[in-house]
Amino acid sequence: MTVENDTATCRDRFVDLRQRADLTEDTRRALSAMAHVRRYHSGQTVLFDGDDSDLVGNVISGVLRMQKTLADGRQHIVGLLVEGDMFGRVFNGALHFSVEAATDAEICAYPRAPFETLLTRSPDLERVVMLNILNELDRARDWLIILSSQKITTRIAGFLVVMCSQFARVDHLVRNSEAGPVVHVPIGRGDLAHLLGTRPESVSRAFHALARDGVIALLKPDLIRILDMEALVAEAGDEDLGGTPNLKETLQLRPPRT
């Protein structure tokens, strides 16, 4: 891990990635004064399970995984954090999972105590934190729906639907094209298998099954083109998953193939 006092980067990225929040200039200056950039290599731990963490973080680039290790040593990925996401607990309580870099990643780190003080007197910042919590709850609901399916193909379909909705704001993860939206899967097959509660070989078979059915095209192992969004949503099994009723508007998709 490397640490830099690059306050301008933290200030600009925090605001750019949360345009809905409209932070005041005073709040921006206060955040900038306390912020510093941390860079992690893939596999490094950002926060440890059980720690009473002394920082609040905001992802600048890369992907972090929230991971729980059970008593028998089994590990489960319980969520992903991408560009613009906040993490860390404020006011009380220890973390019940670790936060690790799934890829090389860069974060803005804010010392917890000063951040909490600023939060108590800044309604605009409070709104940012609340929006982040609500977004995380939406994702948790989606993961529960995905994992409730017995079919791995359905879980993969659900994952792709969530990528096209919940993560659509991150340009390098979802890009639209005339031939259909292209999803960059930001984690390896092993991590994806952990996230979806299966094995890497089952993940590969599910991707190829969707490709054979004409629902997706496998451009690269980590690059997937959605050919038929309606079929993908149908396979996912829940029309409300990830806000799918708004997918066409969000991604400006062409009508599905006939």
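Quick notes on this one:
Okay, residues lined up against (1) modelled with pLDDT of 90 or more; (2) aromatic (Phe, Trp, Tyr); (3) under 30 Å from Asp54 (Cβ atoms):
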| site | (1), (2), (3) |
| --- | --- |
| His96 | no, no, yes |
| Ala102 | yes, no, yes |
| Leu144 | no, no, no |
| Pro186 | no, no, yes |
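- Among all positions in region 197-218, there is no residue which is touching a Gly at 6+ places or on another chain (Cβ under 9 Å) and either within 25 Å of Val56 (Cα to Cα) or in the same structural domain as Val63 (by TED's automatic domain parsing) (or both).
- The requirement of being farther than 26 Å from Val56 by Cα and not assigned by TED's automatic domain parsing to the domain that holds Gln44 is satisfied by Arg175.
- From the list Glu106, Glu116, Glu136, the one residue that fits, being on the phi < 0 side of the Ramachandran plot and in contact with a strand residue (DSSP E or B) (Cβ under 7 Å, 6 or more places away or on another chain), is Glu106.
- The residues of region 159-178 that are at pLDDT below 85 and either assigned to a strand (DSSP E or B) or within 19 Å of Gly214 (Cα to Cα) (or both), listed by number, are Asn176, Ser177, Glu178.
- Phe87 vs. criteria surrounded by fewer than 21 Cβ atoms within 10 Å (Cβ to Cβ) and in the same structural domain as Pro111 (by TED's automatic domain parsing): no
- In region 180-207, the residues that are surrounded by fewer than 19 Cβ atoms within 10 Å (Cβ to Cβ) form Cβ pairs under 7 Å with partners that are polar (S, T, N, Q), at six or more places apart or across chains, as follows: Arg189/Ser204.
The values are calculated or read from the model by the stated rules, or taken from the named source; none is laboratory data. The structure presented is a predicted model; accordingly, all values stated were derived computationally and were not measured. Glycine also receives a Cβ, built like all others from the backbone with ideal geometry; neighbour counts cover every protein chain displayed.
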